Amino acid sequence: MPTYQSYSELIKPSWSPPSWLFGPVWTVLYVIIAATFGTVFYKAFTKQIPWIVALPFALNLVFNFAFTPIQFGLKNNMLAAVDILLVAGTLIWALWAIWNVSPDLRWIVYANIPYLAWVLFATTLQLTITYLNWK
């Protein structure tokens, strides 16, 4: 797999969004994440839900925050592809877990639909970029 100077030098699919779009999208998503994940962690800290329910939310944050240093710091497409799959997997797990623990908390699932949609899009994009740049 080649190394590269910057993300802009990678071969990307024609449907790749412009770079300027990522900042505004993630700003909105981080507000959603802060409110919903914060609620989950509060409920776990106050023993209103089991800690195991908060685990996939915590793991999702770790994998989410690791993506930028992996993709732009290490410049490793394969590791970034693995990481984004872990982001998607832990998000699906988290939403499934909170849906099943309490009907009163199902709003968290609905609120995270934009995050889920973006993560699934980002996963497809990263896997495509990894494939297009694999040598």
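Cβ-Cβ contacts under 9 Å between residues 6 or more apart (or on different chains), taken from a first residue in region 16-38 that is within 24 Å of Thr128 (Cβ to Cβ) to a second residue that is part of a helix (DSSP H, G or I) and not hydrophobic (A, V, I, L, M, F, W, C), are listed as Ser16/Thr128; Ser19/Tyr7; Ser19/Ser8; Val25/Pro114; Val28/Pro114; Leu29/Pro114; Leu29/Tyr115.
Pairing each residue of region 71-90 that is over 9 Å from Thr123 (Cβ atoms) with any residue that is part of a helix (DSSP H, G or I) and among the hydroxyl-bearing types (Ser, Thr, Tyr), provided the two are 6+ apart or on different chains, yields C-beta distances under 8 Å for Gln71/Tyr7; Phe72/Tyr7; Asn77/Thr130; Met78/Thr130; Ala80/Thr130.
Let's see how each residue does on (1) surrounded by fewer than 15 Cβ atoms within 10 Å (Cβ to Cβ); (2) more than 18 Å from the chain's Cα centre (by Cα); (3) among the hydrophobic types (A, V, I, L, M, F, W, C):
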site: Ser6; (1), (2), (3): yes, yes, no
site: Pro13; (1), (2), (3): yes, yes, no
site: Thr27; (1), (2), (3): yes, no, no
site: Ala44; (1), (2), (3): no, yes, yes
site: Ala58; (1), (2), (3): no, no, yes
site: Phe65; (1), (2), (3): yes, no, yes
site: Leu95; (1), (2), (3): no, no, yes
site: Asp104; (1), (2), (3): yes, yes, no
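So, in region 117-135, of the ones that are surrounded by 16 or more Cβ atoms within 10 Å (Cβ to Cβ) and free of Cβ contacts under 8 Å to residues at least 40 places away in the same chain, which residue ends up nearest to Leu61 (Cα to Cα)? Result: Val119. The set of residues in region 69-93 that are surrounded by fewer than 19 Cβ atoms within 10 Å (Cβ to Cβ) and β-branched (Val, Ile, Thr) comprises Val82, Ile92.
Selection of region 1-54 for residues being under 24 Å from Val109 (Cβ atoms) and among the hydroxyl-bearing types (Ser, Thr, Tyr) yields Thr27, Tyr30, Thr36, Thr39, Tyr42, Thr46.
Bear in mind that the values in this text are calculations on the coordinates, not laboratory data. Just so we're clear, the structure is a prediction, and the values are computed from it rather than from any experiment. Glycine also receives a Cβ, built like all others from the backbone with ideal geometry; neighbour counts cover every protein chain displayed.
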